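What follows is one structure encoded as structure tokens, with my remarks underneath.
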Amino acid sequence: MIIQKSATPRIATFDPQNFSFGDTFTDHMIICEYENGKWGDVKLIPYGPLPFTPAMMGLNYGQACFEGMKAYKDDEGEVFLFRPEKNFERINKSASRLAMPEVTEEMFLGGLKALVDMDREWIPQGVGTSLYIRPLIFATEEVLKARISNKYMFAIVATPAKSYYTEPVSVLISDFYSRAASGGVGSAKAAGNYAASFYPTQLANQQGYEQVIWTDDSTHEYFEESGTMNVFVRINDTIYTPPTSEKILDGVTRDSFIHLAKRRGIDVRIEPVSVKKVIEAQKDGSLKEVWGVGTAVVTSVFRALGYKGEKLELPTLPLEESFALSLQQDLVNIQNNKSEDPFGWRMKVGKEVLQDA
């Protein structure tokens, strides 16, 4: 790995009590370029702009995918990644589906550890705070031809993340728009998936809803995802979540919730979730909770479902009665090294890069 430390680090001016998630970046980034059929050297360099033109193929033809993950700092100042091998597996599935070259484990995990180690001072300390990490792959060849690119870049950037104290949100069940289609790229974290979701979400916002629950593209009778998250439904004391497929992202937080729920002895059923069943459960009082899960927010609890012009209210449950909130607490405690890790999900990041640089 080639390491170039920033000559003008900004960490001294970083206020962990006053920053914006998503637009405050750490001092360094990882880049690695693909050309002539192979990846080059991994470089840990100062964060900053890169020399591209509007003719870059990733901008014109959409060959781009990414991951979202976090690093956590415990009470002793030790730093941990959470299940990074799952993100490594998934970014390569996404790359393969978009006809892009896969990255090596050394590039991905080695790059992650190096960046997190170098910029560990940027990681806020305390439950609910973290360092959000964005690995990505995109086409960089500069040519306007609708074909597979011959050049790519793998990069990793990071931004400090604050605590999320989000209020429960209202979501609109889509009966027209879909997030993904059969045979499409729904199971990949393709950049275009997110662009396509913005307009329907904007329409939902205009109706007073914060997010959309996406339904299947052929019948709109089954839940798929919610916003940019996987979705869970609790009817009585059973949790339901749709199975992953070519249309549904295999979320790391989703998988973690399933494991944690089963460890608590909760009945979890991974099966198609019909809109009709959820609406009927809301009407008869057996629908206890609906929520979304994802890396950034961990858990977003829903307070109401919108469907065909009707707004259906959901119960507001305290922590001790809520599956969503208690499972979130279990997960956050593992991530922040405040409880045992029975699944071996934490990966400690040693202080190695700074000593060698």
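The values are calculated or read from the model by the stated rules, or taken from the named source; none is laboratory data. Just so it is clear, the structure is predicted and the values come from calculations on it, not from any experiment. Backbone-built Cβ (ideal geometry, glycine too); neighbour counts: all protein chains shown. Side chains are part of the model used for accessible areas, which takes the heavy atoms of the whole protein and leaves out ligands, DNA and RNA. Shrake-Rupley method; radii C 1.70, N 1.55, O 1.52, S 1.80 Å.
Within segment 120-140, residues that are in a loop (DSSP other than H, G, I, E, B) and at pLDDT 95 or above sit with their Cβ atoms under 9 Å from residues that are among the hydrophobic types (A, V, I, L, M, F, W, C) and open to solvent by 30 Å² or more (accessible area, probe 1.4 Å), at 6+ positions apart or across chains, in these pairs: T140/L50; T140/F52. G292 meets the conditions (1) of a type outside the set (S, T, Y); (2) within 30 Å of L109 (Cα to Cα); (3) outside any strand (DSSP E or B) in every case but one. The failed one is (3). Being open to solvent by 70 Å² or more (accessible area, probe 1.4 Å), within 24 Å of the chain's Cα centre (by Cα) and not polar (S, T, N, Q) is the filter here, so list the residues in segment 1-32 that pass it. Across segment 1-32, the qualifying residues are F21, D23. Mind checking which residues of segment 177-203 are assigned to a helix (DSSP H, G or I), under 19 Å from F223 (Cβ atoms) and either in contact (Cβ under 8 Å) with a residue 60 or more places away in the chain or open to solvent by 50 Å² or more (accessible area, probe 1.4 Å) (or both)? Passing the criteria: only A196.
Taking segment 204-255 as the range and being assigned to a loop (DSSP other than H, G, I, E, B) and among the aromatic types (F, W, Y) as the test, only Y209 passes. Among the residues making up segment 182-222, a single one is more than 22 Å from E271 (Cβ to Cβ) and of a type in the set (D, E): E210. If you go through segment 75-93 and keep only what is part of a strand (DSSP E or B) and more than 13 Å from G350 (Cα to Cα), you end up with just F82. Selection of segment 101-113 for residues being open to solvent by 10 Å² or more (accessible area, probe 1.4 Å) and part of a loop (DSSP other than H, G, I, E, B) yields P101, E102, T104. Condition (residue is acidic (D, E), out of contact with any helix residue (DSSP H, G or I) (no Cβ under 8 Å at 6 or more places or on another chain) and in a strand (DSSP E or B)) applied to segment 256-269: is it met by at least one residue? Scanning segment 256-269 turns up at least one residue that is acidic (D, E), out of contact with any helix residue (DSSP H, G or I) (no Cβ under 8 Å at 6 or more places or on another chain) and in a strand (DSSP E or B). Note on segment 35-61: among residues that are open to solvent by less than 40 Å² (accessible area, probe 1.4 Å) and touching a residue at least 60 places away in the same chain (Cβ under 8 Å), the one that is nearest to the chain's Cα centre (by Cα) is G58. Residues that are over 23 Å from Y132 (Cβ atoms), of a type in the set (A, V, I, L, M) and touching a Phe, Trp or Tyr at 6+ places or on another chain (Cβ under 9 Å) within segment 306-357 comprise L314, L317, listed in sequence order.
Taking (1) hydroxyl-bearing (S, T, Y); (2) surrounded by fewer than 21 Cβ atoms within 10 Å (Cβ to Cβ); (3) in contact with a Leu (Cβ under 8 Å, 6 or more places away or on another chain) in turn, S322 satisfies each apart from (3). Looking at V171, is it part of a strand (DSSP E or B) and more than 21 Å from D23 (Cα to Cα)? Yes: the conditions hold for V171.
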